[in-house]
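Trainee: The structure under discussion is supplied below as C-alpha cells; questions concerning it will follow.
The values are calculated or read from the model by the stated rules, or taken from the named source; none is laboratory data. Quick caveat, the model's predicted, so the values are computed rather than measured. Cβ atoms come from the backbone with ideal geometry, glycine included; neighbour counts cover every protein chain shown. Quick note on the areas: whole protein, heavy atoms, side chains included, nothing else; ligands and nucleic acids left out. Shrake-Rupley method; radii C 1.70, N 1.55, O 1.52, S 1.80 Å.
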Amino acid sequence: MNLFTSTIAQWLSEVFHELMPSETWDQTTLENSLETPPDSSMGDYGFPCFLLAKKFRKAPPQIAIMLCEKLEPAVKNSPLFCDVNALGPYLNFRVNFSSMAAEVLPRVYDGSYFRENAGQSRKKVMIEYSQPNTHKGFHVGHLRNVALGDCLCRVYRYNGYEVIAANYIGDVGTHIAKCLWYYEKFNQETPPETLKGEWLGTLYTKATLMLEDASDTEKAEYQQEISRILAALESKDSVWMKKWAETRQWSLDDFNEIYHWLDAHFDHVFYESDVDDIGKQLVLAELEKGTFIRSQGAVGLDLEDASLGFFMLLKTDGNTLYSTKDLALAQKKFDEFRIEHSIYVVGSEQTLHFKQVFETLKRMGYAQAESCFHLPYGLVVLPSGKMSSRKGNVIMFSDLRQQVTDYIRKNYLDQHAGDWDDAEIQETARQTAVAALRYGMLNQDPNKQIVFSMEDWLVSEGDTGTYLIYAYVRVRSIRRQVPVELTADVSFDVLTHPNEHALIRKIYDFNQMVSLVGAQYRPSLLTKFLFEMCKDFSRAYNTCSIKFAENSEIQSARLLLFHSVAEILKQGLFLLGITPPERM
C-alpha cells in the first residue's frame, strides 16, 4: 500500500462527501487518478481536477483552488506532507521526504519491503514461453520470447501469484520429416560433438534450399519421399521413431544448455508429440457432441459470428493441425494443473490463431477461457531484414553468445587477468552478456519490432544492461570505500538534497512499478524505471558525497540511502533475469 497516495485519496473523499454528500466517492479510484507532476518543483503527487468540472460546475483551476483551501489544515497537521498548492487545473502535494525515507529505507534494509507485493492471495497462473522447434537451430530471435516469458514469471511470483513456468516444444511436423530426409539421403558430414541440435538446423535449411532449387520432376519425387517419412513417423514406425528420438534429444540437449546459460527455468515442459493424438480424439468427441461441424471434409468451428472465420481443427485427410494440439494443451492446463489464468507468450503473427483458440475453448464450456491471454510480440530483425531458419539468414545463438562474451572479455575484463582467477572472469563475462542481451530484448514494448544491434547493446554508457550492472557495481563499492557502519538507525531529516529526494521517491515507488509491469505485461516499464534510477543515483553521487559529508550523521543516512538503491537495483535486475556481478 502507498501510504502517501492512500492518505491523499482519503482526504479527497472526505472533502467531496462534505461538498456533495449525495455522491459516492471511491477511494481506490481517486488514488489511481493521482499523477506524478512532470517537474518535481510543482509537487510530488498531483490530482487532476478536469473530471470534476461537471459535478461542481466550475472550471478545473477554480476547483483546484477550492480543494487546496479545504485541505490545507489536514496537510499542515500531517507528518507525511509539507504543503498543498493549486497550479492550474491540478492540485499538487509536496511530500515530507524524511517521512518517506523513514517509511521505506528501514524496510529495504531488513528485506520486508521485497515481500509486500506477495502479501495477498493471488490466482494460479501458467506462463507458457520459449516454444522452440526441435531439428531447428536456436537463434537470436528466440531470445526475445525467453526474455519476455522468464521476466513475467519472475514478476508474477514477486507479485504473489502461484506461477507455473511452462515450455511447449514442437517435436513433430513436416519440418522434422524434411530434416530427417536430408540427413538420411544427402548428408555426408559426421555430427559434431556439441551443438548437434543446431547442426540439425543447418540440415533443415539445406533441405529447404534443395527443394526450392530442384526441377519439377525432382521436387515431386522429393516431396513424396518426405511425405512417406512423415507418414512413418505419424504411424510410429519403429525404425523412423528411433531416428526421431535420437535426433530430437540432440535438440533438447541444446535447448537445456541455452536455458541454463540464460538462467531461465521451467516448472513443466509440454511436447507437441504428447498432445497430438489427444487433440484428435478431443476434436472427434466435440464433433459428436455437435460443438464442431464438418465443412468440405474438414472438421472445425464456424466463428463468423465473432468475426473470426472458420477455425479448422482436422484436415480433410484427418490429420491434426496446430489448432488441434492447442485445444488439447489448454485442456491439460485446465484439468490437470487447475490454472486460473493462462498466458501465452507467442509472436504477433499468431494473434488471430489465439483469438480463435480462446473463443473455441469458451464454446467448449471452459470458463477459464475468459482468463486466457495471448501476449504478442514483434519480430527481432537484422538491419538487413527478417531472419528465417528456412533461408538460413539467422544469427545462431551459439555464435551470438561467443561474439558477445569475447567482446566483453576483451573490452572490460581482460584487464583483470592475473588479479582475478579465470573462473570469475568467465562467470562475470557470462553475467554481463546475459545482462546486455536480456535488457536489449526487454527494453522495448512487446508489440514493437526490435532491430538487433550487438554493438549498441554492449556499451557501458546509456540505456543498456551493461550500464545498469556497472551502476550496480559502483553503488556496491561505496560501502567498501567509507569507514561507516551500515545501519537503519539513522536521522532521516538530514537527507535534504533534491537529488536524495529523487532516489527516495524511486525506492518508494518500486513495488508499485512491479505491480504495474505484471498488470500491463510490460517489462519495458521496469527497464525504464531502473535506468532512470541509475541516472538519479549518478546525480546524487556527484552532489551528495558520503566520504566528504559534513558529519557522521549525514554519512550514515546517505550510506543507508545508497545501500537501498543497490538493493532495489539488484531486485529489479533479478526480475529482468539479470544477476549482476559484485565487481567489474
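Trainee: What tally of residues in segment 324-333 results from selecting those that are open to solvent by 10 Å² or more (accessible area, probe 1.4 Å) and farther than 18 Å from Thr174 by Cβ?
Mentor: Filtering segment 324-333 for residues open to solvent by 10 Å² or more (accessible area, probe 1.4 Å) gives 325-326, 331-332.
Those left that are additionally farther than 18 Å from Thr174 by Cβ: 331-332.
Residues in segment 324-333 being open to solvent by 10 Å² or more (accessible area, probe 1.4 Å) and farther than 18 Å from Thr174 by Cβ: 2 in total.
Trainee: Quick one: would you say Leu321 is on the phi < 0 side of the Ramachandran plot, surrounded by fewer than 21 Cβ atoms within 10 Å (Cβ to Cβ) and among the hydrophobic types (A, V, I, L, M, F, W, C)? Outline the logic, then answer.
Mentor: Values: on the phi < 0 side of the Ramachandran plot: yes; surrounded by fewer than 21 Cβ atoms within 10 Å (Cβ to Cβ): yes; among the hydrophobic types (A, V, I, L, M, F, W, C): yes.
Considered against the rule, which asks whether it is on the phi < 0 side of the Ramachandran plot, surrounded by fewer than 21 Cβ atoms within 10 Å (Cβ to Cβ) and among the hydrophobic types (A, V, I, L, M, F, W, C), Leu321 comes out as yes.
Table: residues versus (1) open to solvent by 60 Å² or more (accessible area, probe 1.4 Å); (2) of a type in the set (Gly, Ala, Ser); (3) more than 20 Å from Asp110 (Cα to Cα).
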{"position": "Ser460", "(1), (2), (3)": "no, yes, yes"}
{"position": "Tyr467", "(1), (2), (3)": "no, no, yes"}
{"position": "Ala471", "(1), (2), (3)": "no, yes, yes"}
{"position": "Arg479", "(1), (2), (3)": "yes, no, no"}
{"position": "Arg505", "(1), (2), (3)": "no, no, no"}
{"position": "Asn511", "(1), (2), (3)": "no, no, no"}
{"position": "Val514", "(1), (2), (3)": "no, no, no"}
{"position": "Ser524", "(1), (2), (3)": "no, yes, yes"}
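Trainee: Still on this structure, please answer the following. What are the pairs with Cβ atoms under 7 angstrom where one residue, in segment 90-118, is farther than 16 Å from Asp489 by Cα and the other, located anywhere, is among the charged types (D, E, K, R) and open to solvent by 10 Å² or more (accessible area, probe 1.4 Å)? Sequence gap at least six, or different chains.
Mentor: Matching pairs, first to second residue: Phe93/Asp44; Arg94/Asp44; Arg94/Asp83; Val95/Asp44; Tyr113/Arg107.
Trainee: Within segment 275-296, track down each residue that is over 33 Å from the mean Cα position of the chain (by Cα) and either of a type in the set (A, V, I, L, M) or open to solvent by less than 40 Å² (accessible area, probe 1.4 Å) (or both).
Mentor: Hits for segment 275-296 are Val283, Leu284, Ala285, Glu286, Leu287, Thr291, Phe292, Ile293.
Trainee: Yes or no: segment 156-168 includes at least one residue that is under 24 Å from Ala231 (Cα atoms), of a type in the set (A, V, I, L, M) and in contact (Cβ under 8 Å) with a residue 12 or more places away in the chain. Please lay out each step first, then the result.
Mentor: First pass over segment 156-168, keeping only residues under 24 Å from Ala231 (Cα atoms): 168.
Adding the requirement that they be of a type in the set (A, V, I, L, M) leaves none.
Looking through segment 156-168, none of the residues is under 24 Å from Ala231 (Cα atoms), of a type in the set (A, V, I, L, M) and in contact (Cβ under 8 Å) with a residue 12 or more places away in the chain.
Trainee: For segment 297-310, how many residues meet the condition of being in contact with a strand residue (DSSP E or B) (Cβ under 8 Å, 6 or more places away or on another chain) and either aliphatic (A, V, I, L, M) or open to solvent by 10 Å² or more (accessible area, probe 1.4 Å) (or both)? Lay out the reasoning, then the answer.
Mentor: Initially, segment 297-310 is screened for residues in contact with a strand residue (DSSP E or B) (Cβ under 8 Å, 6 or more places away or on another chain), giving 298-304, 310.
Applying the additional criterion that residues be either aliphatic (A, V, I, L, M) or open to solvent by 10 Å² or more (accessible area, probe 1.4 Å) (or both) yields 298-299, 301-304, 310.
Total meeting the criteria: 7.
Trainee: Which of the residues that make up segment 128-168 are out of contact with any His (no Cβ under 7 Å at 6 or more places or on another chain) and assigned to a strand (DSSP E or B)?
Mentor: Answer for segment 128-168, where residues must be out of contact with any His (no Cβ under 7 Å at 6 or more places or on another chain) and assigned to a strand (DSSP E or B): Glu128, His139, Glu162, Val163, Asn167, Tyr168.
Trainee: Additional query: Sort out which residues of segment 554-575 are within 25 Å of Gly465 (Cα to Cα) and either β-branched (Val, Ile, Thr) or under 16 Å from the mean Cα position of the chain (by Cα) (or both), and write them in order of number. Don't jump to the end; show me each part of the working.
Mentor: Taking segment 554-575 first, the residues within 25 Å of Gly465 (Cα to Cα) are 559-575.
Val565, Ile568, Gln571, Gly572, Leu573, Phe574, Leu575, listed by residue number.
Trainee: Failed condition for Ile450, given (1) open to solvent by less than 10 Å² (accessible area, probe 1.4 Å); (2) in contact with a Ser or Thr (Cβ under 9 Å, 6 or more places away or on another chain), with all others met?
Mentor: (2)
Trainee: Can you tell which of Asn499, Asn542 is in a helix (DSSP H, G or I), at pLDDT below 95 and over 26 Å from the mean Cα position of the chain (by Cα)?
Mentor: Details: Asn499 fails: at pLDDT below 95.
So the residue among Asn499, Asn542 that is in a helix (DSSP H, G or I), at pLDDT below 95 and over 26 Å from the mean Cα position of the chain (by Cα) is Asn542.
Trainee: Please tell me if Arg94 is of a type in the set (Lys, Arg), surrounded by fewer than 22 Cβ atoms within 10 Å (Cβ to Cβ) and not in a helix (DSSP H, G or I). Walk me through it before giving the result.
Mentor: Values: of a type in the set (Lys, Arg): yes; surrounded by fewer than 22 Cβ atoms within 10 Å (Cβ to Cβ): yes; not in a helix (DSSP H, G or I): yes.
Spelling it out, Arg94 is indeed of a type in the set (Lys, Arg), surrounded by fewer than 22 Cβ atoms within 10 Å (Cβ to Cβ) and not in a helix (DSSP H, G or I).
Trainee: Mind listing whichever residues of segment 228-243 are open to solvent by 40 Å² or more (accessible area, probe 1.4 Å) and touching a residue at least 60 places away in the same chain (Cβ under 8 Å)?
Mentor: Glu234, Trp240, Lys243, listed by residue number.
Trainee: I've got another one for you. Can you tell me which residue in segment 1-29 is farthest from Phe114 (Cα to Cα), limited to those that are β-branched (Val, Ile, Thr) and assigned to a helix (DSSP H, G or I)?
Mentor: Applying the first criterion (β-branched (Val, Ile, Thr)) to segment 1-29 yields 5, 7-8, 15, 24, 28-29.
Within this subset, residues satisfying the condition of being assigned to a helix (DSSP H, G or I) are 5, 7-8, 15, 28-29.
Values: Thr5: 19, Thr7: 22, Ile8: 24, Val15: 34, Thr28: 23, Thr29: 25 Å.
Ranking the qualifying residues of segment 1-29, first place goes to Val15.
Trainee: Sticking with this structure for a sec: Looking for whichever is touching a helix residue (DSSP H, G or I) at 6+ places or on another chain (Cβ under 7 Å), open to solvent by 30 Å² or more (accessible area, probe 1.4 Å), acidic (Asp, Glu) and more than 30 Å from Ser112 (Cβ to Cβ) here; the options are Glu221, Glu212, Glu246, Glu225. Which one fits? Before the answer, list the steps.
Mentor: Working: Glu221 fails: touching a helix residue (DSSP H, G or I) at 6+ places or on another chain (Cβ under 7 Å); Glu212 fails: touching a helix residue (DSSP H, G or I) at 6+ places or on another chain (Cβ under 7 Å); Glu246 fails: touching a helix residue (DSSP H, G or I) at 6+ places or on another chain (Cβ under 7 Å).
After ruling out the rest, the residue left standing is Glu225.
Trainee: Identify the residue in segment 118-127 that is part of a strand (DSSP E or B) and not β-branched (Val, Ile, Thr) and, among all such residues, is surrounded by the fewest Cβ atoms within 10 Å (Cβ to Cβ).
Mentor: So in segment 118-127, the residues part of a strand (DSSP E or B) come out as 124-127.
Those left that are additionally not β-branched (Val, Ile, Thr): 124, 126.
On the way: Lys124: 14, Met126: 23.
Only one residue fits best here, namely Lys124.
Trainee: Quick check on Lys54: is it touching a residue at least 12 places away in the same chain (Cβ under 8 Å) and either closer than 19 Å to Lys506 by Cα or assigned to a helix (DSSP H, G or I) (or both)?
Mentor: Details: touching a residue at least 12 places away in the same chain (Cβ under 8 Å): no; either closer than 19 Å to Lys506 by Cα or assigned to a helix (DSSP H, G or I) (or both): yes.
No; evaluated as a whole, the condition is false for this residue.
Trainee: Pick from segment 48-85 the residues that are under 29 Å from His501 (Cα atoms) and of a type in the set (S, T, N, Q): which of them is farthest from the chain's Cα centre (by Cα)?
Mentor: Asn77
Trainee: Here is a follow-up. Inspect segment 1-15 for any residue being touching a Lys or Arg at 6+ places or on another chain (Cβ under 8 Å) and in contact (Cβ under 8 Å) with a residue 24 or more places away in the chain and give the result as yes or no. Talk me through it step by step, then tell me what you get.
Mentor: As a first pass, look at segment 1-15 and keep what is touching a Lys or Arg at 6+ places or on another chain (Cβ under 8 Å): 15.
Add one more test, that the residue is in contact (Cβ under 8 Å) with a residue 24 or more places away in the chain, and what stays is 15.
Yes, because at least one residue in segment 1-15 is touching a Lys or Arg at 6+ places or on another chain (Cβ under 8 Å) and in contact (Cβ under 8 Å) with a residue 24 or more places away in the chain.
Trainee: Sticking with this one: Is it true that Phe492 is at pLDDT below 95 and of a type in the set (Phe, Trp, Tyr)?
Mentor: Working: at pLDDT below 95: no; of a type in the set (Phe, Trp, Tyr): yes.
Against the criterion (at pLDDT below 95 and of a type in the set (Phe, Trp, Tyr)), Phe492 does not qualify.
Trainee: Scanning segment 60-82 for residues that are outside any helix (DSSP H, G or I) and touching a Phe, Trp or Tyr at 6+ places or on another chain (Cβ under 8 Å), which turns out surrounded by the most Cβ atoms within 10 Å (Cβ to Cβ)? Write out each step before concluding.
Mentor: At the first step, the residues of segment 60-82 found to be outside any helix (DSSP H, G or I) are 77-82.
Right, trim to touching a Phe, Trp or Tyr at 6+ places or on another chain (Cβ under 8 Å) and you get 80-81.
Details: Leu80: 15, Phe81: 24.
Ranking the qualifying residues of segment 60-82, first place goes to Phe81.
Trainee: Search segment 468-489 for residues being within 33 Å of the chain's Cα centre (by Cα), among the charged types (D, E, K, R) and farther than 22 Å from Trp457 by Cα, and hand back the single one that is modelled with the highest pLDDT. Reasoning before the result, please.
Mentor: Residues of segment 468-489 that are within 33 Å of the chain's Cα centre (by Cα), as a first pass: 468-479, 488.
Retained after the next criterion (residues that are among the charged types (D, E, K, R)): 474, 476, 479.
Within this subset, residues satisfying the condition of being farther than 22 Å from Trp457 by Cα are 476, 479.
Numbers: Arg476: 94, Arg479: 87.
Step by step, filter segment 468-489, then rank; the result is Arg476.
Trainee: Follow-up. Note down all Cβ pairs under 7 Å where the first residue falls in segment 308-323 and is closer than 18 Å to Thr174 by Cα and part of a loop (DSSP other than H, G, I, E, B), the second is open to solvent by less than 30 Å² (accessible area, probe 1.4 Å) and modelled with pLDDT of 90 or more, and they're at least six residues apart or on different chains.
Mentor: Lys315/Ala298; Thr316/Ala298; Leu321/Leu313
Trainee: Could you check how many residues of segment 1-30 are surrounded by 19 or more Cβ atoms within 10 Å (Cβ to Cβ) and farther than 19 Å from Asn77 by Cβ?
Mentor: 2
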